[in-house]
Amino acid sequence: SALARSEALFARSYGICVISFGVVHVVYFSGLPAWVPKWIPPGQVFWAVTTTVCFFLAAAAVLSGIVSVLRQFLSWCGLSDSVQGRRSLGLAST
């Protein structure tokens, strides 16, 4: 049906976005650990590498169809909630 085709298109588009997050992490990796608080164990570089790898794994899951549309939506809500939380704390610039 048309709805099934559009869901697949949205899933692929979302997967491409997640790949772009991973690519940005790789391109700007030299400054990435500075964004991780020093007090979080085991260290800043560990979390920078872990999040980079997880972005690529998440993209593979989305593009292969392993992740459902609902899970993608919930992931997006979590991402938007963290941005909203930063805004309420006065940490976000926009």
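Structure summary
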{"read-out": "Karplus-derived HN-Hα couplings along region 5-17 (A = 6.51, B = -1.76, C = 1.60, θ = phi - 60°), whole Hz, x at Gly and Pro", "value": "5, 5, 5, 5, 5, 5, 5, 5, 4, 5, x, 5, 4"}
{"read-out": "Region 17-70: equivalent-ellipsoid semi-axes (sqrt of 5 x gyration tensor eigenvalues, Cα, Å)", "value": "24, 13, 7"}
{"read-out": "³J(HN,Hα), Karplus 6.51/-1.76/1.60, whole Hz, each residue of region 36-41, x for Gly, Pro", "value": "8, x, 5, 7, 7, x"}
{"read-out": "Length gained when the stretch I66-L9 is fully extended (0.36 nm per residue, less Cα-Cα span)", "value": "19.1 nm"}
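Laboratory data are not the source of any read-out in this text; all were calculated from the coordinates shown. What you see is a predicted model, and the numbers here were worked out from it, not measured in a lab.
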